[in-house]
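Written below as structure tokens is the structure these notes are about.
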Amino acid sequence: MLAIGTSNPMNCVRQNEYADWYFRVTKRDHLGKWKDKMKRICEKSGIRKRYLHHTEKMIHGHPELLDPTLPSLRTRLGITEDAVPELAAAAATKAIAQWGRPAGDITHLIVNSANSVAGSPGADLRVAALLGLQPSVQRTMLCLHGCSGGCLALRLAKDLAENNIGARVLVVCVEVFVLCFRGPDATRLDELVAMTLFGDGAGAAIVGTGPVNAVERPIFHMVSASQATLPGTENVVELKISENGVDFEMSSVLPKLVRENIKQCLVNTLAPVGLASDDLNGLFWAAHPGGRAILDSYETALGLEPGKLAASRRVLSEYGNMFGATIFFVLDEMRRRHRSCNEEREKGEWGVMLGLGPGISVEMMVLHAVGTGVED
């Protein structure tokens, strides 16, 4: 991994003000019981603020976003048509500048979005144009992979880089939550939780083998990648496109499933590269912060010391959950913590990147922190 860039919309919403904002803009202020419930969820979320592309003015201009009897998919896609590629290009521009080589040297482009795009040609073509990539760039578009989408895209980038001599793969994950945004439903607590959890953002990375000396500065070696699917969990987390946008369903049993299964998944991932699973605190952890309960479940199941998930918790606090884009923010925070003289360095050069997606799919990658990108 040769460079990382991130970007967010300008509109920032404080979590301690969100319940009042949400019930006001959805015109549901009369639902005092549900507003109080949302305030309690916000207080326990571990989130301080989030960035959202949709604003109060935008929502009021499109009443169909709040009326479940009206089809709104076309409206939502119209909003994201420009927002998604522009936000993606902003993150990618930062990564390219950090990389230090011309954008024209990018050979492959992967764009991932969990719930923000539909149609072809898609956001990948727009992103390529905005960045000035070569017409010969090989594009891949990924959709509806949920929170694991960033890890999945990086796994694909690793394969492309290792199997194409001289390849430089630009990976961009971008989310604009307006496709999922809707008013409160008294029968759907999981939707209320989702409204307090998700934010908008984009993350980008450049992946390649054989870094050019004096130009490219590696951050992480992507050593080994794997995916595991937990049997019988296909209905635990679901993303489905409907006339009202993207319907998001998340079962309350998810943290329990994580606690029961994640240790074995990690054992199976670490063993092939010769890393022991009896001292997981000797590794650094770039875990996708699906939510506070998920991070707590990782700590409990893996026996992690307090602070091992500090990078993930800080990203959750400052940005919320941005689906697949979030892992790039965690990796960037991990790099910053390694390089800062004012913060305790992470123990160990070896680490794990981890994310959960619908399925339940567990994406894992063994990382090795290398070079001046991390440790100087």
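The values are calculated or read from the model by the stated rules, or taken from the named source; none is laboratory data. Because the structure is a prediction, the values reported are computed rather than measured. Note: ideal-geometry Cβ built from the backbone for every residue, glycine included; neighbour counts use all protein chains shown. Remember, those area values only see protein heavy atoms, side chains included, never the ligands or the DNA or RNA. Shrake-Rupley method; radii C 1.70, N 1.55, O 1.52, S 1.80 Å.
Provide the solvent-accessible area of residue 136, counting protein heavy atoms only and rolling a 1.4 Å probe, rounded to the nearest 10 Å².
90 Å²
Sort 354-362, 75-83 for me by packing, meaning the mean count of neighbouring Cβ atoms within 10 Å per residue, highest on top.
Final packing ranking: 354-362, 75-83.
What FRET efficiency would be calculated for the residue pair residue 93, residue 223, taking the C-beta separation as r and a Förster radius of 30 Å, to the nearest 0.05?
Rounded to the nearest 0.05, the efficiency is 0.60.
Rounded to the nearest whole Å², what accessible area per residue is found for the chain with the 1.4 Å probe?
Dividing the accessible area of the chain by its residue count gives 41 Å².
Can you give the accessible area of residue 151, probe radius 1.4 Å, in Å² rounded to 10?
0 Å²
Can you tell which of 26, 209, 187 shows the greatest fluctuation in a Gaussian network model of the chain with Cα springs below 10 Å?
Highest fluctuation of the listed residues: 187.
Rounded to the nearest 500, what is the 222 nm mean residue ellipticity of the chain from helices alone, with -39500 (n - 2.57) per DSSP H run of 4+ residues and division by all residues?
-12000 deg cm²/dmol
I need the calculated FRET efficiency for the pair residue 256 and residue 101, taking r as the beta carbon distance and R₀ as 51 Å, to the nearest 0.05.
So, using R0 = 51 Å, E works out to roughly 0.65.
If one takes the longest principal axis of the Cα atoms in the chain, at what angle in degrees, from 0 to 90 and to the nearest 10, does the Cα axis of helix 32-44 lie?
20 degrees
Roughly what angle does helix 326-339 make with the longest principal axis of the chain, taking Cα atoms, 0 to 90 degrees, to the nearest 10?
The answer is roughly 50 degrees.
With all protein chains present and a 1.4 Å probe, how do 29, 124, 247 order by accessible area, largest first?
Per-residue accessible area, sorted high to low, gives 29, 247, 124.
Beyond a 29 Å Cα-Cα separation, which of these cross-linked pairs lie in this structure: 44/263; 44/158; 256/308; 49/94; 49/263; 94/308?
44/158; 49/263
If DNA, RNA and ligands are ignored and the probe is 1.4 Å, what is the ranking of 305, 234 by accessible area, most exposed first?
234, 305
Can you bin the chain into rounded, prolate or oblate? Criterion: square roots of the alpha carbon gyration tensor eigenvalues sorted a ≥ b ≥ c, rounded for a/c under 1.5, prolate for a/b above b/c, oblate for the rest.
oblate
Report residue 350's accessible area, 1.4 Å probe, all protein chains in place, as a number in Å² to the nearest 10.
About 90 Å², rounded to the nearest 10.
Could you please state how large a percent of the accessible area of the chain is carbon and sulfur, counting protein chains only and using a 1.4 Å probe?
Answer for the chain: carbon and sulfur cover 51 percent of the accessible area.
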